[in-house]
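What follows is a single structure, written as structure tokens, with notes after it.
Every number here is computed from the coordinates shown, using simple stated rules; none is lab data. What you see is a predicted model, and the numbers here were worked out from it, not measured in a lab. Note that each Cβ is placed from the backbone with ideal geometry, even for glycine, and that neighbours are counted across all protein chains shown.
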Amino acid sequence: DGGQIPIHAFFVKS
Amino acid sequence: MLELRLVQGSLLKKVLEAIKDLVTDANFDCSATGFSLQAMDSSHVALVALLLRSEGFEHYRCDRNISMGMNLNNMSKMLKCAGNDDIITIKGDDGSDTITFMFESPTQDKIADFEMKLMDIDSEHLGIPEAEYHAIVRMPSAEFSRICKDLSSIGDTVVISVTKEGVKFSTRGDIGAANIVLRQNTTVDKPEEATIIEMNEPVSLTFALRYMNSFTKATPLSSMVTISLSSELPVVVEYKIAEMGYVRFYLAPKIEE
């Protein structure tokens, strides 16, 4: 999906 | 031992309808705080976070923290068998690989139980920090749903821009372009018809309408939706669940290719 940033790029694993 | 009795069982039915198209399998976590879920869609573009606080249940017993893997489509099939006025009780035993949904009619003349197989799901749990947003838009959820539906017949993405003029939803596609502007409107008869815009600084972000439309499946849960926007963060689309908690959808913006 062009230009779509994956959501886990924003949050850290807890 | 787990026993959660929800008098307004329709809330759980609506929650499943809100998230089952986005997420296939998910772990439901049960703790003293409440019944919760955090899951990404299969392409890891969107995240859904659900909380139903323990205080919102008529009876809430959860002896130890437990995570239960469920197929949401199967769960939805079972919950569709509950009447809209039914009381729903979720029951589970320690070490069991099943969970039971019990449906009681309001007059107690019909009692049904449905047993569902649990599954092992290996999922990442993400820490979502509290954040300051550039702009927060609170608006009628039905209006937001209508806008997303209308724009998706024109284009694939929506640009949401907040300025001091209001909030603008724009799209562009092969057949043309569309812009819908909502201004702050607090002079309405009912609070749930208001549009309230809090802006710390102007913000403009692009999102995939396919996901936004999926989020609007939560519209029956709440008359209002809150959209929190910041240029460095995923958008948060939040539907509050009366007295109980929320469903929040997180979606990363699209960047220019």
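Determine whether the stretch B:166-173 contains at least one residue that is touching a residue at least 24 places away in the same chain (Cβ under 8 Å) and under 23 Å from the mean Cα position of the chain (by Cα).
Yes, the stretch B:166-173 contains a residue that is touching a residue at least 24 places away in the same chain (Cβ under 8 Å) and under 23 Å from the mean Cα position of the chain (by Cα).
Does the stretch B:121-137 include one or more residues that are more than 30 Å from B:H44 (Cα to Cα) and part of a loop (DSSP other than H, G, I, E, B)?
No, there is no match, as no residue in the stretch B:121-137 is more than 30 Å from B:H44 (Cα to Cα) and part of a loop (DSSP other than H, G, I, E, B).
Is it the case, given these coordinates, that B:E115 is loosely packed, with under 15 Cβ neighbours inside 10 Å and outside any strand (DSSP E or B)?
In short, no.
Hey, among the residues in the stretch B:206-240 that are within 13 Å of the chain's Cα centre (by Cα) and among the charged types (D, E, K, R), which one's nearest to A:F10 (Cα to Cα)?
Looking at residues that are within 13 Å of the chain's Cα centre (by Cα) and among the charged types (D, E, K, R), I get B:E238.
Take the stretch B:157-198 and flag every residue that is assigned to a loop (DSSP other than H, G, I, E, B) and touching a Gly at 6+ places or on another chain (Cβ under 8 Å).
Keep residues of the stretch B:157-198 that are assigned to a loop (DSSP other than H, G, I, E, B), which gives B:164-165, B:174-175, B:183-184, B:186-190, B:194.
Passing the criteria: B:R183, B:Q184.
Does B:S67 satisfy the criteria of being assigned to a helix (DSSP H, G or I), under 28 Å from A:H8 (Cα atoms) and either within 14 Å of another protein chain (Cβ to nearest Cβ) or polar (S, T, N, Q) (or both)?
Here the answer is no, as B:S67 does not meet what is asked.
Residue under question is B:R248, and the condition is that it be within 11 Å of another protein chain (Cβ to nearest Cβ), out of contact with any Lys or Arg (no Cβ under 6 Å at 6 or more places or on another chain) and outside any loop (DSSP other than H, G, I, E, B); does it hold?
The answer is no for B:R248.
Can B:P220 be described as farther than 30 Å from B:L12 by Cα and touching a residue at least 40 places away in the same chain (Cβ under 8 Å)?
no
Under 7 Å between Cβ atoms, which residue pairs at least 6 apart in sequence (or on different chains) link something in chain A that is over 14 Å from B:Y211 (Cβ atoms) and facing chain B (nearest Cβ under 7 Å) with a partner that is among the acidic types (D, E) and part of a loop (DSSP other than H, G, I, E, B)?
A:G2/B:E257; A:H8/B:E124; A:K13/B:E124
Return the only residue of B:G155, B:G127, B:G95 being free of Cβ contacts under 8 Å to residues at least 60 places away in the same chain, surrounded by 14 or more Cβ atoms within 10 Å (Cβ to Cβ) and not charged (D, E, K, R).
Only one candidate passes the filter, namely B:G155.
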